[in-house]
Number of protein chains: 2
Amino acid sequence: MSTQAIVNQYIHDHIPITIALGSVVELATPQKVMVTAPFLNNINHKQTVFGGSLHAITTLACWGLLYTNFIESLGKIDIVISKSEIDYKLPIKSDFAAICERPDTLIWTKFEQMLARKGKGRICLEATITENGKIAVAYQGEFAVLKQVG
Amino acid sequence: MSTQAIVNQYIHDHIPITIALGSVVELATPQKVMVTAPFLNNINHKQTVFGGSLHAITTLACWGLLYTNFIESLGKIDIVISKSEIDYKLPIKSDFAAICERPDTLIWTKFEQMLARKGKGRICLEATITENGKIAVAYQGEFAVLKQVG
């Protein structure tokens, strides 16, 4: 199976609400993860996408980026989210895609060094959803990766 | 139907993902809204509740507070969320309840005056989820209520 298929399967198997959300991991590389979801599963009373669904899919994109980067270490590390912010700039009225890209090499290298040295690395990840070429949703999450003890 | 039943029905009818989340509006008064959800619908790979689900249920509690307060004006106003923050302090390992309480009278009165004067009022609402007596999740959302034109 491709990495993208492995991440998609893992999410569906272990976080069952993602099936109802209609989430699909369309791309999963160490540099970039894209998670899509259909409009109809996530529609609200204003015929736009429910804010909770937009948050869930952007969260999955960021979590997926860490999962993909640490796919060789799974079972030895934990991925934890501590907080997040989301800015709903424009309503979404169609199927949508959340994209998380890996931060700059400098930031990423510091994060990996902190993880290697202290057994715990913290990183801020961003995900965006665009519609008609404009950023409609901007998400930021603070994640930690922890080496499991023992 | 009671207000609580009306709000619950409205959410299930118009935001279908809330049925998969298992959300139930258990209480809806102008002062306080409580939305619950079951653990099993929202479980993740760590046997805790998925962060996206916690965000969705806290969002619904705050939205429900505004809906309940403006239930006489529905069809004449819009409720819009512009941004939110969520702090995951402790993992949730059981069925959970998000509670949103109406802010202080001073803040609420200013918000209503702004809405009456300018046709648009902005307010910051908080929702929390507690487990074993401790705040496990703290959510803040910035909402606007707008009078519909025409």
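Quick one: putting +1 on the C-beta of Lys and Arg, -1 on the C-beta of Asp and Glu, what dipole do you get for region B:3-147 around its Cα centre, in Debye to the nearest 20?
In total the dipole reaches around 380 debye.
Averaging sequence separations of C-alpha pairs under 8 Å and six or more residues apart, then dividing by the length of region B:44-150, give the relative contact order as a whole percent.
Working: 176 pairs, mean separation 38.5, N = 107.
Once divided by the residue count of region B:44-150, the mean separation gives 36 percent.
For chain B, with a Gaussian network of springs between Cα atoms less than 10 Å apart, report the residue from B:SER73, B:SER53, B:SER23 with the top mean-square fluctuation.
Looking only at B:SER73, B:SER53, B:SER23, the biggest GNM fluctuation is shown by B:SER73.
With r defined as the distance between the Cβ atoms of B:ASP13 and A:ALA116 and R0 fixed at 51 Å, what FRET efficiency is calculated, to the nearest 0.05? Please report the intermediate quantities before stating the final value.
Numbers: r = 52 Å, r/R0 = 1.01.
Step by step, r from the Cβ atoms, then E = 0.50.
For chain B, take the longest principal axis of its alpha carbons; what is the angle in degrees between that and the long axis of helix B:105-118, to the nearest 10 within 0 to 90?
50
Quickly work out the A:SER2-to-B:THR29 label distance, labels modelled 7 Å from Cα along the C-beta direction, and quote it in nm with one decimal.
Each label point lies 7 Å from its Cα, and together they span 5.5 nm.
Could you compute the FRET efficiency for A:ALA20 and B:LEU90, with r as their C-beta to C-beta distance and R0 at 25 Å, rounded to 0.05?
Details: r = 25 Å, r/R0 = 1.01.
Computed FRET efficiency for A:ALA20 and B:LEU90 comes out at 0.50.
Once each part is reduced to its C-alpha centroid, what is the distance from region B:35-82 to region B:98-139 in angstrom?
Using only Cα atoms to place each centre, the spacing works out to 13 Å.
Using a label position 7 Å from Cα in the Cα→Cβ direction, what is the ascending list of nm distances from A:ASP87 to the same site in the other copies?
Counterpart label points of A:ASP87 in the remaining copies fall at 2.1 nm.
So what's the convex hull volume per residue for the Cα atoms of the protein assembly as shown, in Å³?
Expressed per residue, the convex hull around the Cα atoms of the protein assembly as shown is 145 Å³.
Could you quickly flag the chain B residue whose beta carbon comes closest to the rotation axis taking B to A, and that distance in whole angstrom?
In chain B, the Cβ lying nearest the symmetry axis toward A is B:ALA20, 2.
Give the nm distances, rounded to one decimal, from B:ILE71 to the matching residue in every other copy, measuring between label points 7 Å along Cα toward the beta carbon; shortest first.
Nearest first, the other copies' label points are 5.0 nm away.
Measuring label to label, 7 Å along Cα→Cβ, what does B:THR130 give against each other copy in nm, shortest first?
Result, one decimal in nm: 4.6.
Return the tail of the calculated pair distribution for chain B, meaning the percent of Cα-Cα pairs more than 18 Å apart.
Percentage above 18 Å: 56.
Set Lys and Arg Cβ to +1 and Asp and Glu Cβ to -1, take the dipole of the protein assembly as shown about its Cα centre, and tell me which of A:ALA127, A:THR48, A:LEU106 lies farthest positive.
Farthest towards the positive end: A:LEU106.
If I build a Gaussian network model for chain B, linking alpha-carbon pairs within less than 10 angstrom, which residue out of B:ALA28, B:ALA98, B:ALA136 has the largest mean-square fluctuation?
With Cα springs under 10 Å in chain B, the top fluctuation among B:ALA28, B:ALA98, B:ALA136 is at B:ALA136.
For peptide B:60-71, what's the mean number of Cβ atoms from other chains within 10 Å of each residue's Cβ?
Details: counts 3, 0, 0, 5, 0, 0, 0, 1, 0, 0, 0, 0.
Across B:60-71, the average partner-chain Cβ count within 10 Å equals 1.
Can you pull the one-decimal nm distance between simple spin-label points at B:LYS46 and B:LYS76, each 7 Å off the Cα toward Cβ?
Label at B:LYS46, label at B:LYS76, 4.7 nm between them.
Read the figures in this text as sums done on the coordinates, not as results from a lab. Just so it is clear, the structure is predicted and the values come from calculations on it, not from any experiment. Reconstructed Cβ throughout: ideal geometry from the backbone, glycine too, with neighbour counts over all protein chains shown.
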